[in-house]
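One structure below.
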Amino acid sequence: MTGNWNRPFLSIVVPAHNEELRLPRCLTLIEAFLKRQPYQAEVVIVENGSHDRTLEIAREFATTRRWIRPMQVDGRGKGQAVRAGMLAARGDYRFMCDVDLSMPIEEIVHFLPPNVRGYDLAIASRQGEGARRVGEPLHRYIMGRVHSTIVRLIAVRGFADTQCGFKMFSRQAAEDLFRVQQIQGIGFDVELLMIAGSRGYKIKQVPITWHYDSDSRIQLVKDSLGMLRDTWSVRRNLRSGVYAPIEAPAPTRRAA
C-alpha cells in the first residue's frame with residue numbers, strides 16, 4: 001500500500017461488538033486484500049460495549065499494522081459505532097463493513113472508482129440482477145423481503161435492499177450525513193438513505209454475492225419492529241428540520 005497515511009484513499013470502518021471470535025479472521029482477510037491494492041488504506045475498528053476481548057484483539061493486531069486504528073465508544077448500538085468510525089476516518093472513500101464479511105472483501109472494488117465515478121454513495125444489494133444469496137434459509141429470506149417491502153413503501157423508494165451492512169460513502173457525503181445522524185441502532189441505514197435522498201446525493205446500488213451467516217446478530221421480528229419505529233422518527237425529523245447541515249469543525253492550529 002502506497003500513499004499518504006494522513007489522507008488514505010480508502011477507510012474501512014468495522015463496528016465490532018463482542019466479536020473476539022470473528023474479528024481475527026476478518027482482519028486477516030482484509031489485510032490480504034489490501035496488500036494487493038496500489039493505494040493507501042486504513043481500517044478503523046470501533047468497539048462499543050463488548051464483554052469479551054474484542055478491543056484487546058484489535059489493539060494486538062494494531063501493534064504490528066499501522067493501518068489498523070482501534071477505537072472505543074461508550075454505549076451500545078451499531079449506528080453509534082458506525083457514526084463514530086466514519087467521522088474518525090480519514091479516507092477519500094469510507095466503507096462500512098460487517099465483521100462477518102458475508103460479502104467477500106474482494107467485492108469492494110465494485111464500490112470504488114471507476115465503478116462508482118459520479119456517485120456519492122454506493123450501497124450493496126442482495127437483490128436484483130447480478131446479486132446472489134448463498135445458504136440463506138427460506139424463512140429468513142421471506143421475512144427479510146417483507147420487511148424491505150414495508151421500508152420501501154414508507155421510507156425510501158427505489159432501493160431493493162437498504163439493510164445490507166456494506167456501504168460506501170465519499171468523504172463529503174460521510175462527513176455531511178454522519179454529523180446529523182440521530183439513530184443509534186440498526187435503523188440508521190434507512191435514516192442515512194432518507195437524508196441522502198433529501199439532499200440530492202447520487203446513490204448507486206451494487207449487486208453482490210452474499211453468504212448467509214448463522215451467527216447473525218439480527219433478530220428479524222424484534223429488530224424489524226424497532227426499525228419501523230425508527231423510520232417514522234426519521235420522517236418526523238425530516239419535516240421538522242432536525243437534519244439541517246452542520247459545518248465541519250475548523251482544524252486545530254498548533255502553536256508555533
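The values are calculated or read from the model by the stated rules, or taken from the named source; none is laboratory data. These numbers were taken from a predicted model, which means no experiment stands behind them. Neighbour counts are summed over all protein chains in view; Cβ atoms, including those assigned to glycine, are modelled from backbone coordinates with ideal geometry.
Quick rundown of the values:
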{"quantity": "Residue list for the stretch 170-190, filter: closer than 13 Å to residue 77 by Cβ and either of a type in the set (Asp, Glu) or not in a helix (DSSP H, G or I) (or both)", "calculated": "181, 182, 183, 184, 185, 186, 187, 189"}
{"quantity": "Those residues of the stretch 128-146 which are under 27 Å from residue 12 (Cβ atoms) and either at pLDDT below 70 or in a helix (DSSP H, G or I) (or both), in sequence order", "calculated": "140, 144"}
{"quantity": "Residue, nearest to residue 200 (Cα to Cα), within the stretch 96-127, restricted to residues that are of a type in the set (A, V, I, L, M) and more than 15 Å from the chain's Cα centre (by Cα)", "calculated": "116"}
{"quantity": "Single unsatisfied condition, residue 120 versus (1) in contact (Cβ under 8 Å) with a residue 60 or more places away in the chain; (2) surrounded by 22 or more Cβ atoms within 10 Å (Cβ to Cβ); (3) in contact with a helix residue (DSSP H, G or I) (Cβ under 8 Å, 6 or more places away or on another chain)", "calculated": "(2)"}
{"quantity": "Lone unmet requirement of (1) of a type in the set (A, V, I, L, M); (2) farther than 26 Å from residue 176 by Cβ; (3) surrounded by 19 or more Cβ atoms within 10 Å (Cβ to Cβ) for residue 82", "calculated": "(2)"}
{"quantity": "Of the criteria (1) surrounded by fewer than 21 Cβ atoms within 10 Å (Cβ to Cβ); (2) farther than 23 Å from residue 123 by Cα, which one residue 54 fails", "calculated": "(1)"}
{"quantity": "Whichever residue in the stretch 154-196 is closer than 18 Å to residue 112 by Cβ and of a type in the set (Gly, Ala, Ser) and, among such residues, is surrounded by the most Cβ atoms within 10 Å (Cβ to Cβ)", "calculated": "174"}
{"quantity": "Failed condition for residue 156, given (1) assigned to a helix (DSSP H, G or I); (2) among the aliphatic types (A, V, I, L, M); (3) modelled with pLDDT under 90", "calculated": "(1)"}
